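A short write-up of the structure that comes next.
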Amino acid sequence: MDTSPKRDGFLGRMDRFFEFLCRISLILSGTALVIMTAIFAWLVFGRYVLNDTPTWVEQVSLLLVMVIAFFGAAVGVQQHTHLSVVLFRTAVPTKVRTVFVFITDILMGGFGFMMFWYGWELTQFKWKSAIPLLKWPEGLRSLPLTICGALIFLFSVGHLIRLFLGKDERQDSIE
């Protein structure tokens, strides 16, 4: 028997959409981590067994680190697993805590929007340049930043919507 609360209406659709985005982001981050592990294994094998170091590994791994870090950060914002300092929020009454949460969500949304906006400009600016050794567009390096910014903005707006509707279920924890 399903004991989870029914998620109908706008909030249910929003939650399912954000869960989908989180799942895709986690799959991308995890896949990038596996690929990076495999190419570093190839690097070590090539260097010490074949005595022929593959030079492209460094450039590809830099791209993969961007994917891992930025998509993982966006998921952290949505799932409340990002690094946060809750000392002040836990030391104040509930009404003041709600104001702190609101301010935090506004700041995170603004930060995400700026990441998206300036990341998009950087991606467009660098797209015509090529990454050394790979000949792929240099804009690929900033594309994860751009997408992460959009995700952080969306997730922060979702948190604000839940907060305004009185359906915010986040809890501060010190772990």
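Here are a few things to note about the model shown:
- The stretch 117-133 residues that are within 23 Å of ALA150 (Cβ to Cβ) and free of Cβ contacts under 8 Å to residues at least 60 places away in the same chain, paired with ones that are among the small types (Gly, Ala, Ser) and in a loop (DSSP other than H, G, I, E, B) (beta carbon under 6 Å, 6 or more apart): GLY119/SER142; LEU122/SER142; THR123/SER142
- Considering (1) in a loop (DSSP other than H, G, I, E, B); (2) within 25 Å of GLU58 (Cα to Cα), the lone condition that GLN124 does not fulfil carries the number (1).
- Flag for ALA73 being without any contact (Cβ under 8 Å) to a residue 12 or more places away in the chain and in a helix (DSSP H, G or I): no
- Residue that is over 30 Å from PHE40 (Cα atoms), under 12 Å from the mean Cα position of the chain (by Cα) and surrounded by 14 or more Cβ atoms within 10 Å (Cβ to Cβ), where the choices are GLY112, GLY76, GLY72: GLY112
- Under the condition of being at pLDDT 80 or above, surrounded by 11 or more Cβ atoms within 10 Å (Cβ to Cβ) and not aliphatic (A, V, I, L, M), the residues counted in the stretch 152-175 number 7.
- Pick from the stretch 30-70, criterion in contact (Cβ under 8 Å) with a residue 12 or more places away in the chain and aromatic (Phe, Trp, Tyr), ranking: farthest from LEU133 (Cα to Cα): PHE70
- Single condition LEU107 does not satisfy, out of (1) without any contact (Cβ under 8 Å) to a residue 24 or more places away in the chain; (2) assigned to a helix (DSSP H, G or I); (3) surrounded by 14 or more Cβ atoms within 10 Å (Cβ to Cβ): (3)
- Residue check: LEU122 meets all listed conditions (1) at pLDDT 95 or above; (2) within 23 Å of LEU26 (Cβ to Cβ) but one, namely (2).
The values are calculated or read from the model by the stated rules, or taken from the named source; none is laboratory data. None of the values given here were measured: they were computed from a predicted structure. Cβ atoms come from the backbone with ideal geometry, glycine included; neighbour counts cover every protein chain shown.
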